[in-house]
1. What are the residues in region A:81-118 that are among the acidic types (Asp, Glu) and more than 10 Å from every other protein chain (Cβ to nearest Cβ), if any?
2. Scan region A:46-57 and give yes if some residue there is assigned to a loop (DSSP other than H, G, I, E, B), closer than 18 Å to B:Val93 by Cβ and in contact with a Leu (Cβ under 9 Å, 6 or more places away or on another chain), otherwise no.
3. Looking only at region A:83-102, which residues are touching a Phe, Trp or Tyr at 6+ places or on another chain (Cβ under 8 Å) and not polar (S, T, N, Q)?
4. Would you call B:Gly138 free of Cβ contacts under 8 Å to residues at least 40 places away in the same chain and within 11 Å of another protein chain (Cβ to nearest Cβ)?
5. Could you grab me the full set of residues in region A:161-192 that are in contact (Cβ under 8 Å) with a residue 60 or more places away in the chain and β-branched (Val, Ile, Thr)?
6. Counting only residues that are modelled with pLDDT under 95 and of a type in the set (Lys, Arg), how many does region A:201-251 have?
7. Take region A:122-134 and flag every residue that is exposed (fewer than 14 other Cβ atoms within 10 Å of the Cβ) and in a loop (DSSP other than H, G, I, E, B).
8. Of the residues B:Gly173, B:Gly111, which is at pLDDT 95 or above, within 14 Å of chain A (Cβ to nearest Cβ) and in contact with a His (Cβ under 7 Å, 6 or more places away or on another chain)?
Amino acid sequence: MSTGNMNLTLKIWRQKNGKEAGNLVSYQVKDISPDMSFLEMIDVLNEQLINKGDESIAFDHDCREGICGMCSMFINGRAHGPKEGITTCQLHMRSFKDGDTIVVEPWRAASFPVIKDLTVDRSAFDRIIAKGGYISVNTGNAQDANNIPIPKTEADAAFNAAACIGCGACVATCKNSSAMLFVAAKISQFALLPQGQVERETRALNMVNQMDEEGFGNCTNTGACEVECPKGISLENIARMNREFYLANIK
Amino acid sequence: MANFLQSSIGKKVLMSITGLFLISFLVVHCFLNSFIFFNDGGVMFNEGAEFMAHNPIIRTMEIVLFIGIILHIVQALILTLQNQKARPIKYAVQNGAANSKWYSRSMGLLGTLILMFLIIHLKHFWYVSRLTDEITSGEETLFGEMIEVFENPMIVLLYVLAMFSLGYHLLHGFQSAFQSLGLNHKKYSPLIAAIGFWFSIIVPFIFAMMPISIYFGLIK
């Protein structure tokens, strides 16, 4: 055992499927390196479980480098754990101390039903995107870029909004399970650019309507989503979405 | 329009417009009540109250004000019920303090406290001045009524605590209203936040000083 390795108690949400009720189950892990990522620590636990003949813990993960947005885990009361601006795969065990108890829960929202253990169904986001999170693509040659000058500030704001990876931490964190930061980012990235103007109004109307239909809660401007967003999406986007939506309603 | 008001953003917009309207009422109410600080035995204050009681515009605004309060409360109830439905299974551990202010998460609780105070407050003054003939008959003045009500230390304490609820409710509500209306700007938002901060301290403070100074006999 190298120095600095730690023993931890984990309390992890286990749930067979969407129909059966789940509960928190305690597990012990030993000799965890501080250099492991949180997901690697769960991998170690899963190997223990498999070797014992128990069922492993289901959790979402894909790229393990902070860009796919799959690793949804609510760790010790915060989306993606105690650090800001990162996903769970970017969280390292050095953020914890030897002897700590760590509670891991899935995203909690009626619109994100649990599939199994820590995995949730985020297809509500896909259905919102399908309602307008795209632009009309013209065929033929691209015109000269100098014909459509875009101010740097607008381009930057659009790019920052486009950094959203759809992980759902905003919904998971929000006390109202509101998806407004996600939808606002997806509306903003197009509303700010010339390419997004064709469907500008219908996009705002249809995406917000779909968001409401999916049963997400209402924004009360606590600002928690902005703090927990791994990509630093700003509340400015929600204000922009509100403007886009009511202006689209007036027209 | 009906579709707009049923949408999540439409409800937020209605919440902020009614909220800002109630804030504008606070300004008028606070300004007129501050006439007691002239400490002239309530002469100025009673004149102001008399004007408010007979001005047709003010009388109409009183009805609009009640509608505003009811809309604000009904919307809050609808929004809160929807928000609770959006998360049927709660977290075992949720560290809200890590990412938001307690008062921004407690607007419903603070609002309920303010409503309870409002009912008591209306009973003390609005009921007496509008629904009984105590004041119109000249038997009592509104200022005299104030002096009488604030003789009771428990009522003074209740009023002061209610002003804390109001202060925290405004501290989040003031700037939140502008965000809901889509006003979030690098230049102007810090200004709105600063105005909101000082408004949330100064207005409840002036209100709280009224029962306190009457109780301690500073205003007679």
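The values are calculated or read from the model by the stated rules, or taken from the named source; none is laboratory data. Everything numeric in this text was worked out from a predicted model, so none of it was measured. Cβ placement follows ideal geometry from the backbone for every residue including glycine, while neighbour counts extend to all protein chains displayed.
1. Those that are among the acidic types (Asp, Glu) and more than 10 Å from every other protein chain (Cβ to nearest Cβ): A:Asp98, A:Asp100, A:Asp117.
2. yes
3. Listed by number, the residues that qualify are A:Cys89, A:Leu91, A:His92, A:Met93, A:Ile102.
4. Details: free of Cβ contacts under 8 Å to residues at least 40 places away in the same chain: yes; within 11 Å of another protein chain (Cβ to nearest Cβ): no.
So B:Gly138 fails the test.
5. A:Ile165, A:Val171, A:Thr173
6. Residues that pass the stated criteria total 1.
7. A:Tyr134
8. Just a single option satisfies the conditions, and that option is B:Gly111.
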